[in-house]
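Q: Sharing a structure, written as structure tokens. Questions coming.
The values are calculated or read from the model by the stated rules, or taken from the named source; none is laboratory data. Model, not experiment: these values are computed from the prediction. Here Cβ is always computed from backbone atoms with ideal geometry, including for glycine, and neighbour counts include all displayed protein chains. These accessible areas exclude ligands, DNA and RNA; they are computed on the full protein's heavy atoms, side chains included. Shrake-Rupley method; radii C 1.70, N 1.55, O 1.52, S 1.80 Å.
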Amino acid sequence: MSPSDQTPNAATGTSEAVHTVPAYINGAELPLSSAFDVHSPSANTFIHRSASATVDDALSAVTAAQAAFPAWRDLPPSAKRDIFLKTAEIFKSRADELTKYMVDETGSDAGWAAFNVNLATDMLVDVAGRVSSIKGDFPTTSDPGTSAIVYKEPYGVILAIAPW
């Protein structure tokens, strides 16, 4: 454990191990070269450390996602549905814990945090219900001798970064 993974404890005069929230890339915890302290904005207390991704780390995550994309694209709708439903089940079973994390990390009101956790859970269930109903279309064209097909498929990998 490096000194950056220690925090002094004034009460005991010792150092204690500090949890660092890892990055997950390609389904595995990945130690990154740097981390930052996370403090509660409402309590002004240290909570934990978080892995800090570099541009190369983000590109590595995108590359891993691109490599996994064909397998996701080719999954049958029922398998995708089951993944979304299992994720919603995990959110629901850990709602109190997730709400606490949000309150601690963002300084939000517990009601607002719980609303967001419940909304995310509901959205996962909603998407699960829609997966098997995604359909293409055969639109009418302006030329009677021409046919068209709209084929819907997953777009691909998108990188999103939360603002907090």
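Q: For segment 110-154, give me each residue that is touching a residue at least 40 places away in the same chain (Cβ under 8 Å) and either at positive phi or not hydroxyl-bearing (Ser, Thr, Tyr) (or both).
A: Answer for segment 110-154, where residues must be touching a residue at least 40 places away in the same chain (Cβ under 8 Å) and either at positive phi or not hydroxyl-bearing (Ser, Thr, Tyr) (or both): Leu124, Val125, Val127, Ala128, Gly129, Val131, Ile134, Glu153, Pro154.
Q: Would you list the helices (runs of 4 or more DSSP H) that sit entirely within segment 72-153 and hold 2 or more residues that are touching a strand residue (DSSP E or B) at 6+ places or on another chain (Cβ under 8 Å)?
A: Because the criterion is at least 2 residues that are touching a strand residue (DSSP E or B) at 6+ places or on another chain (Cβ under 8 Å), the helices (runs of 4 or more DSSP H) in segment 72-153 that meet it are 95-106.
Q: Go through (1) open to solvent by 90 Å² or more (accessible area, probe 1.4 Å); (2) modelled with pLDDT of 95 or more one by one and return the number of the condition Phe138 breaks.
A: (2)
Q: Kindly indicate whether any position in segment 108-116 is open to solvent by less than 50 Å² (accessible area, probe 1.4 Å), farther than 19 Å from Ile47 by Cβ and out of contact with any helix residue (DSSP H, G or I) (no Cβ under 7 Å at 6 or more places or on another chain).
A: Checked against the condition, which is being open to solvent by less than 50 Å² (accessible area, probe 1.4 Å), farther than 19 Å from Ile47 by Cβ and out of contact with any helix residue (DSSP H, G or I) (no Cβ under 7 Å at 6 or more places or on another chain), segment 108-116 yields at least one hit.
Q: Let me ask you something else. Of (1) under 22 Å from Val21 (Cβ atoms); (2) at pLDDT 95 or above; (3) surrounded by fewer than 13 Cβ atoms within 10 Å (Cβ to Cβ), Thr54 satisfies all except one. Which?
A: Of everything listed in (1) under 22 Å from Val21 (Cβ atoms); (2) at pLDDT 95 or above; (3) surrounded by fewer than 13 Cβ atoms within 10 Å (Cβ to Cβ), Thr54 misses just condition (2).
Q: In this structure, does Ser60 turn out to be part of a helix (DSSP H, G or I), surrounded by 14 or more Cβ atoms within 10 Å (Cβ to Cβ) and among the polar types (S, T, N, Q)?
A: yes
Q: Checking Phe91 against (1) surrounded by fewer than 13 Cβ atoms within 10 Å (Cβ to Cβ); (2) at pLDDT 95 or above: exactly one of these is not met. Which one?
A: Looking at each condition in turn, Phe91 falls short on (1).
Q: Show the residue pairs meeting these rules: Cβ distance below 7 Å; 6+ apart or different chains; first residue within segment 22-43 and farther than 18 Å from Val62 by Cβ and without any contact (Cβ under 8 Å) to a residue 12 or more places away in the chain; second residue of a type outside the set (Gly, Ala, Ser) and in a strand (DSSP E or B).
A: Listed by first residue and then by second, the contacts come to His39/Phe46; His39/Ile47.
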